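The values are calculated or read from the model by the stated rules, or taken from the named source; none is laboratory data. Because the structure is predicted, anything quoted here is derived from the model rather than measured. Virtual Cβ from ideal backbone geometry, glycine too; neighbours counted across all protein chains shown. Side chains are part of the model used for accessible areas, which takes the heavy atoms of the whole protein and leaves out ligands, DNA and RNA. Shrake-Rupley method; radii C 1.70, N 1.55, O 1.52, S 1.80 Å.
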Amino acid sequence: QVQLVESGGGLVQPGGSLRLSCAASGFTFSSYAMSWYRQAPGKERELVAIITSAGAGGSANYADSVKGRFTISRDDAKNTMYLQMNSLKPEDTAVYYCNAKARRQSPYWGQGTQVTVSS
């Protein structure tokens, strides 16, 4: 069965860093575009960053709010996607979800990991 398991969330002070991981199984990871979304209480889920498959160029794109601070990456040999988050701000506080999407298929979602940025 398909599984996406996020890890690495936690409590961090403003200006700090966290590295999130998304471990995937049950599908051909290398063929999927992978992305990170986040959702804060009372707000809609929003795209944070996306990285395409190697076959589609392996390019990364970011929401303006995180550009220059976050870096998305993937290791297809390990079926894992990462989000390096630096210079964290209180407004980054949210549940972060990984997403996997292939052509002609509905996306897969992880359960999410909580990131709290607070002093």
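Being at pLDDT below 95, over 15 Å from the mean Cα position of the chain (by Cα), aliphatic (A, V, I, L, M) and open to solvent by 50 Å² or more (accessible area, probe 1.4 Å) is the requirement here; does Ala77 meet it? I'd like the intermediate steps shown before the answer.
On the way: at pLDDT below 95: no; over 15 Å from the mean Cα position of the chain (by Cα): yes; aliphatic (A, V, I, L, M): yes; open to solvent by 50 Å² or more (accessible area, probe 1.4 Å): yes.
It is false that Ala77 is at pLDDT below 95, over 15 Å from the mean Cα position of the chain (by Cα), aliphatic (A, V, I, L, M) and open to solvent by 50 Å² or more (accessible area, probe 1.4 Å).
Restricting the range 54-74 to residues that are charged (D, E, K, R) and either in contact with a helix residue (DSSP H, G or I) (Cβ under 9 Å, 6 or more places away or on another chain) or within 16 Å of Gly8 (Cα to Cα) (or both), which is surrounded by the fewest Cβ atoms within 10 Å (Cβ to Cβ)? Show your work before the answer.
Quick first cut of the range 54-74, residues charged (D, E, K, R) only: 64, 67, 69, 74.
If we keep only those that are either in contact with a helix residue (DSSP H, G or I) (Cβ under 9 Å, 6 or more places away or on another chain) or within 16 Å of Gly8 (Cα to Cα) (or both) as well, we get 69, 74.
On the way: Arg69: 15, Arg74: 23.
So the residue we want is Arg69.
Report every pair of residues separated by at least 6 positions or lying on different chains whose Cβ atoms are under 8 Å apart, first residue within the range 95-119 and over 13 Å from Trp36 (Cβ atoms), second among the charged types (D, E, K, R) and part of a loop (DSSP other than H, G, I, E, B).
Partner pairs satisfying both residue conditions: Val117/Lys89.
When you check Leu47 against the structure, is it in a strand (DSSP E or B), surrounded by 12 or more Cβ atoms within 10 Å (Cβ to Cβ) and in contact with a strand residue (DSSP E or B) (Cβ under 7 Å, 6 or more places away or on another chain), yes or no?
Numbers: in a strand (DSSP E or B): yes; surrounded by 12 or more Cβ atoms within 10 Å (Cβ to Cβ): yes; in contact with a strand residue (DSSP E or B) (Cβ under 7 Å, 6 or more places away or on another chain): yes.
Criteria met by Leu47.
Please find, within the range 99-119, the residue that is least open to solvent (accessible area, probe 1.4 Å) out of those that are over 18 Å from Ser30 (Cβ atoms), touching a Phe, Trp or Tyr at 6+ places or on another chain (Cβ under 9 Å) and part of a strand (DSSP E or B).
Among those that are over 18 Å from Ser30 (Cβ atoms), touching a Phe, Trp or Tyr at 6+ places or on another chain (Cβ under 9 Å) and part of a strand (DSSP E or B), it is Val115.
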